[in-house]
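For reference, the structure discussed in these notes is given below.
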There are 2 protein chains.
Amino acid sequence: VKNLRQVSVIGLGLVGGSITLAVRQHIPGMTVVGYSHRAATRRKAKTLGTGLKIVDDLAAAAVRADLVILATPIFTFEGYFRELARTIRPDCIVTDVGSTKLLPHAWAESRLAGRGRYVGSHPVAGSEQRGVEFARDDLFDQARCILTTTPATDLAAVRALKGFWSALGCSVQTMSPAEHDRVFANVSHLPHVMAAGLVNASDNGDMRFAGKGFLDSTRIASGPATVWTDVLLANRENIADSIDRAIAQLTRLQTAIKKGNRTRIAQLLESARRKRATLIKYKIRKKELLR
Amino acid sequence: VKNLRQVSVIGLGLVGGSITLAVRQHIPGMTVVGYSHRAATRRKAKTLGTGLKIVDDLAAAAVRADLVILATPIFTFEGYFRELARTIRPDCIVTDVGSTKLLPHAWAESRLAGRGRYVGSHPVAGSEQRGVEFARDDLFDQARCILTTTPATDLAAVRALKGFWSALGCSVQTMSPAEHDRVFANVSHLPHVMAAGLVNASDNGDMRFAGKGFLDSTRIASGPATVWTDVLLANRENIADSIDRAIAQLTRLQTAIKKGNRTRIAQLLESARRKRATLIKYKIRKKELLR
């Protein structure tokens, strides 16, 4: 982290805004520059408090940065990489916080064209809320951050980025972009698809009778549709496979229910209960969950 | 409520235990008797504090009750109704807190055989936790309670029961058992099936990377498998239909994802987002949610 004097955050939504807050909280002395292409967002971001410099164009954000972080929708990355290639210092570390990683790596390869040092980041933090007004300096406390690398990735850049996210409170792990996209199709993108599917399968009148279970299991369906459309488009094959697996499980339970097969229903529910109990224990041990 | 001098709660799990606590909190002067067929549960229930009489057999609980509440798994109701028919007073109000209502009504009709006055209850409250140790006196605060009635239901019993659940903090509504089971297949039983399916579709290793979204959307899968097996068996046709609708929605999103149809994906996600936003506003207006 000590070699990173300036971080520039492109995109000031919930995650981008929270990065600027967390850096000022956790890394004293680091210059934080923020840019959003929307003037309204820049105005709101200026109310985030002192120590954050908001600039009006990308070049101004990029030119003196040691680390550039894209916190914009995934399908904007390609264009940003192209522009960054013209303005960043050759050794500038470039990363993004997108929820998929194969496409960002491919775009960085072709559009940065050797300029800067790209590493993928995926801080597993956020909420269904949207916008800089929901930014929090503790968003990354005890969160995981996945760094994605290929054989071509600069190892010094990986080390520096590990230090950066760790300083913000993350526990950092490294994997390949392909592995990342497969894993997160299952544990993040599929749940979103299922939550949206559950709401869309429900009648407005019926939903009024919903209890806490329904509300919790559909919370993520309140996430911004544009952001999630990008995610689903950026990880199509993996998500299509995950949906197949989910449908197979639903069909399995449905068959047991139709047949009135008590043993089989109990087995499937108990298997899910146990798997989740093991997961919760693990998350508590890793301090990602309290209690 | 003033005509109900004694309530007897059969089954002292999370819900049954919470009823005994809530009655003592909200209805001073009402005698509360608790029974569980398990000696260990009776012992634990005795630690719930003063003002609760725990008895060792069903007849002792039933004989002087003005209101008997079954808070045991659904498929035990038939047997309990048969036993209650031999011990309750002729005008005793009998209800249950099962999550499905058609079968309880059918069993009450055939097994109570004219003894007592049966009304179905479904307090929409609970959690994934299990056991009297999780009982809370505020479990029913701002919760809905559905009463189910048929043309044969005694109206004075419905009024008394409405008063009882209202006193515990519930907002009470009445519907037919068939309507109840259709609605709750969609908003309660289907979410449980989907949560279990999502966990069962997930690899243990992959799940370690899960964030708050996955954990929230699968919380209900940690509910007791035996209780939920009963629920799914007691509402087979409706749940099978609900699963069909969910699979249709998943397939719809999957098709759009496979085709890379941005407009269609965005439309489906935005529809879910809006529907849920409307729901949340409604729940806040009804004070079922804070914020």
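Key figures
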quantity	calculated
Amide H contacts under 5 Å for residue B:96, placed H, 5+ residues apart	B:70, B:121
14 Å Cα-Cα reach of residue A:2 towards aspartates and glutamates, excluding residues that sit fewer than 8 places from it in its own chain	A:66
Most to least accessible of B:130, B:264, B:159 (protein chains only, probe 1.4 Å)	B:159, B:130, B:264
FRET efficiency, residue A:237 to residue B:37 (Cβ-Cβ, R0 51 Å, nearest 0.05)	0.45
Nearest 10 degrees, 0 to 90: helix B:155-167 Cα axis against chain B principal axis	70 degrees
Where Rh is the Kirkwood radius over Cα pairs, Rg/Rh for the range B:176-291	0.99
Rg over Rh, two decimals, the range B:146-234 (C-alpha only, Kirkwood Rh)	1.14
Magnitude of the charge dipole, the range B:3-145, Cβ model with Lys/Arg +1 and Asp/Glu -1, debye to 20	320 debye
When each of B:44/B:275; B:162/B:212; B:46/B:162 is checked by Cα-Cα distance, pairs over 32 Å	B:44/B:275; B:162/B:212
Helix-only CD estimate at 222 nm, as mean residue ellipticity for the protein assembly as shown, using -39500 (n - 2.57) per DSSP H run (n ≥ 4)	-15000 deg cm²/dmol
3J(HN,Hα) from dihedral phi, the range A:136-146, Karplus parametrisation 6.51/-1.76/1.60, rounded to Hz, x for glycine, proline	9, 6, 10, 4, 9, 4, 6, 8, 8, 10, 8
Net charge contributed by nearby residues that have their C-beta within less than 13 Å of residue B:195 (K/R +1, D/E -1)	+3
Calculated over the range B:228-274: convex hull of Cα atoms, volume per residue (Å³)	84 Å³
Approximate spin-label separation residue B:86-residue A:50, in nm, with each point projected 7 Å along Cα-to-Cβ	8.1 nm
Per residue value of the accessible surface for the range B:5-48 (all protein chains in place, 1.4 Å probe), Å²	41 Å²
Set of aspartates and glutamates with alpha-carbon distance to residue A:286 below 16 Å, sequence-local pairs under 8 removed	A:141, B:206
Area accessible to solvent at residue B:78, 1.4 Å probe radius, in Å²	50 Å²
Residue-level accessible surface for residue B:162, protein heavy atoms, 1.4 Å, Å²	90 Å²
Accessible area buried at the A-B interface, both sides summed, 1.4 Å probe (Å², nearest 100)	7900 Å²
Part-to-part distance (alpha-carbon centres) for the range B:57-104 and the range B:239-268, which is given in Å	43 Å
Computed log₁₀ I(q)/I(0) - Debye formula, equal Cα scatterers, no solvent, the protein assembly as shown, q 0.06, 0.11, 0.12 Å⁻¹	-0.37, -0.98, -1.09
Using a Förster distance of 25 Å, the FRET efficiency for residue B:3-residue B:179 (Cβ separation, nearest 0.05)	0.30
The range B:139-203: relative contact order as a whole-number percent, Cα under 8 Å and 6+ apart	39 percent
For chain A, Kirkwood radius (reciprocal of mean inverse C-alpha pair distance, Å)	20.5 Å
Over the range B:1-115: Rg over Rh, Cα atoms, Kirkwood Rh	0.94
Quotient of Cα Rg and 2.2 N^0.38 Å for the range B:110-176, N being how many residues it contains	1.25
For the range A:1-57: relative contact order, % (alpha-carbon pairs under 8 angstrom, 6 or more apart)	35 percent
Rounded FRET efficiency, nearest 0.05, which uses the C-beta distance separating residue B:64 from residue A:78 and R0 of 56 Å	0.15
Relative contact order for chain A, counting Cα pairs under 8 Å that sit 6 or more residues apart, in percent	17 percent
Beta bridges by DSSP in chain B, antiparallel share as percent, to the nearest 5	15 percent
The range B:68-155 - share of DSSP beta bridges that are antiparallel (%, nearest 5)	50 percent
Residue A:289 accessible area, 1.4 Å probe, all protein chains in place, Å² to nearest 10	50 Å²
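The values are calculated or read from the model by the stated rules, or taken from the named source; none is laboratory data. Note that the coordinates shown come from a computational prediction; the quantities given were computed from them, not determined experimentally. With ideal geometry, Cβ positions are generated from the backbone for all residues, glycine too; neighbour counts draw on all protein chains shown. The area values use the complete protein model at the heavy-atom level, side chains included, leaving out ligands, DNA and RNA. Shrake-Rupley method; radii C 1.70, N 1.55, O 1.52, S 1.80 Å.
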